[in-house]
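*Asks:* So that we are looking at the same thing, I have put the structure below in structure tokens.
No lab work stands behind these numbers, since they all come straight from the coordinates. This one's a predicted model, so the numbers in the text were calculated from it and none came from an experiment. Here the Cβ is made from the backbone with ideal geometry for all residues, glycine too, and neighbour counts use every protein chain on show.
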């Protein structure tokens, strides 16, 4: 986060303001962009899937054609209602609010997109492990504090590519300007390396990688 903080104040903040205006003219969802990565890494067994923190239900809707049963869960009742309305036509989809740990498994897929840093990480990873069926897969897209040189290199790459990706995905300038996200936003407190330590301890063999859009991905398959 240090590089991002420096970028916001450099040259009196004028450069950061100009970039923010450019991004607002060509907006894109950093989280939704990773739905394709999730769909490309689905498990072979596809009986049931759980999307934790499903928000407006975009990923739930995308998973519905691939699984016999899909459950979306969001602690925010308003978000859960919106997701349920979005998926009303899918008979194999259900959306719940309340505690995601109370959802009945097992699941062949558990997903989290920009959710893990809202939770107690060790506890959440242990809960995911228990919810997964043998051979089930955990796919997460997350955020972490930047600390190492590698973290800052990826931050720099994200800052530079963010406007270009926005222009490709949203070539026509938006008229509404900067709009607040419809879901709760929380800055991560754990560094990438700290999170990596928790992931490898709870899920031996998991793959965690830096990505553009200030994100990282986690992939783990529960042993059969």
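*Asks:* What list do you get for 224, 158 if you sort them by fewest beta carbons within 10 Å?
*Replies:* Starting with the residue having the fewest Cβ neighbours, the order is 224, 158.
*Asks:* Taking the Cα-to-Cβ direction at residue 102 and at residue 201 and moving 7 Å from each Cα, how far apart do the two end points lie in nm?
*Replies:* Reported label-point gap for residue 102 and residue 201 is 2.9 nm.
*Asks:* Please report the orientation-averaged projected area of the stretch 19-131, defined via the convex hull of its C-alpha atoms, in nm².
*Replies:* 8.1 nm²
*Asks:* Give me the base-10 log of I(q)/I(0) for the stretch 33-89 at each q in 0.30 Å⁻¹, Debye formula, one uniform scatterer per Cα, rounded to two decimals.
*Replies:* Once normalised to I(0) and log-transformed, intensities are -1.27.
*Asks:* Using 0.36 nm per residue of separation minus the Cα-Cα distance, give me the extension gain between residue 209 and residue 130 in nm, one decimal.
*Replies:* The span from residue 209 to residue 130 would gain 26.1 nm if fully extended.
*Asks:* Still on this model: Could you work out how far apart the two model spin labels at residue 156 and residue 94 are, taking each label as a point 7 Å from the Cα in the direction of the beta carbon, and quote it in nm?
*Replies:* 5.1 nm
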